[in-house]
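Asks: Here it is: the structure, laid out below.
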Amino acid sequence: MPDFVIVSTLERGIKSTFFIVFVILTRRVLNIKSIKWASIILWSILFIYLLFPYSISIRIKKIEQCILLRYALEPFVFVSKYIKMLVQEVGYILSNFNQLIVTSILLIYTVIQVTKRNKALKNSVRIETDSRIEELVNSFRLKRQVQIYINDGIKVPITYGVLHPKIIIQSQVLENDNLLKYIIIHEMIHIKKFDIVFTHVKNLIACLYWYNPFVLLASRYMEDDLELLCDKLVIQKVGDTVKNRKEYCLSMLQLIELKEIQEKSVLKLHPTKERMIIIKRWKRGLSGIGILVLIITLSITVFADIGVNENNQVTEKGEFFQEEVLEDDEISIITDEEYKQLNLGKISFVDLDPANIDKEATLEGLSNKSYKFKTESLTQPNYNGFTVNVSNVSSYGGVNYTIIIKRDGNAIYNKEFYETATLAVKAQNNSEYEVIILNTSTNSLKYRVRINSYTRKY
């Protein structure tokens, strides 16, 4: 059964790259042939994934029983495995501290830009009475009061403010009834949909994931798609006819030569040739809807943490170790009740005196601790093997660690855990074992580890 697990910011940022590429490659088709909201739905899925730390964990058992399922999931399992390796490598460079420093700097810069914007808008003059504007604004029946200002120092119409929205236009807009109509309707639709909130979220994500250029690229395309959606809703409001589409495109042509400002905390009406082409050609079709459904389906597999419980291969730090074939019961996960039924004994670690290992430990992000011992040091007569019990696990952002077991230098077990785990290992005589606890998240991990020899109670 799928579970929800907490995924680090770094891993989410890297995984999101695949989804962003999907959307960018298909957005033009979606904007022309799919439903009006197609692109914004996909960007919203991306934003939700990037902002919330949870991901779906899917662990598949006995995949060999279904060949079709195995071949369908193999690419996603392969990608998921290498993403975790990449997260480990990148995590050594992009520590939590470094990410926090850069993110803080970017957020401060954003605040400074907002402050500059407020100063620039002080020269705006409010339009008190204009029957044309009042009629258009009142047609939306919003509870929030919308204020219209004139500011020729700002070259394109903009909208800002959430609770007290404001629209800034230029004096030349007032001189053209048709242009005024389409601009006011366009900006009012932005206000009605709370698009400025979407814009602020976009800017926040850009600050959080500054190290991923694809997230920054997605931010740009999202802004264009938001405007395209608004264009379509304008046509819908005035009536979807060839005449109205042509008039709307002509109104955008009148603005296209105006210089665009580089303000990121407002909604700007910045017409482009692409937008006008899409408005002329936009027609919903089955192919566009099919692509939308396909990408939404793919997003589940991209954002999910997919793993297959197999015994033929293990992975550690980017290298593959082929393990010898193990008996089904050589290494097994046991329950607390089964653990209580074992006779636990002492185990001697390399260069240490015999003792029961029962320690509290802390691992920094992407670090590990190892415990080495030889089987001839197991002190219980007729021993069956040894146990590894990891309990009291906790980590800011969610538990995510891996237990790796090596025998005579070769990795024979590698499995990821998200909670307490207990393993029973049927050890071979005269072998050297190493138990590695690997923190696979970028946050500190606290845990208690107990390693003992054992015999079963009969």
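Asks: Nearest 0.05, what FRET efficiency do I41 and S370 give at R0 = 35 Å with Cβ-Cβ as r?
Replies: Here the calculated transfer efficiency is 0.15.
Asks: Suppose R0 equals 22 Å. What FRET efficiency, 1/(1 + (r/R0)^6) with r the Cβ-Cβ distance, do K119 and S171 give to the nearest 0.05?
Replies: 0.60
Asks: Let me ask another. With respect to the cross-link table entries K166/K237; K192/K243; K119/K193; K155/K283, which display a Cα-Cα separation exceeding 28 Å?
Replies: With Cα atoms farther than 28 Å apart: K155/K283.
Asks: Which of the chymotrypsin sites (Phe, Trp or Tyr not before Pro) found in the stretch 185-247 are in a DSSP loop and have at most 14 neighbouring Cβ atoms, other than their own, within 10 Å?
Replies: Passing sites in the stretch 185-247 are F194.
Asks: In addition: Using r as the Cβ-Cβ distance of L106 and K246, and R0 as 45 Å, what FRET efficiency do you calculate, to the nearest 0.05?
Replies: 0.60
Asks: So, one more: Could you give me D for the stretch 112-170, from Stokes-Einstein at 25 °C and 0.890 mPa s, where the hydrodynamic radius is the Kirkwood radius over C-alpha pairs? Units µm² s⁻¹, please.
Replies: On the way: Rh = 12.3 Å.
Here the translational diffusion coefficient equals 199 µm²/s.
Asks: Shifting gears a bit: Run the numbers for Q145 and N410: contour at 0.36 nm per residue of separation, minus the present Cα-Cα distance, in nm.
Replies: 88.4 nm
Asks: Once you put a point 7 Å from the Cα of K283 and another 7 Å from the Cα of Q341, both along the Cβ direction, what distance in nm separates them?
Replies: Taking the two extended label points, one gets 7.0 nm.
Read-outs throughout are calculated quantities, based only on the coordinates presented, and are distinct from any laboratory measurement. Please read all numbers here as calculations on a predicted model, not as lab measurements. All Cβ positions, glycine included, derive from the backbone under ideal geometry; neighbour counts span all protein chains shown.
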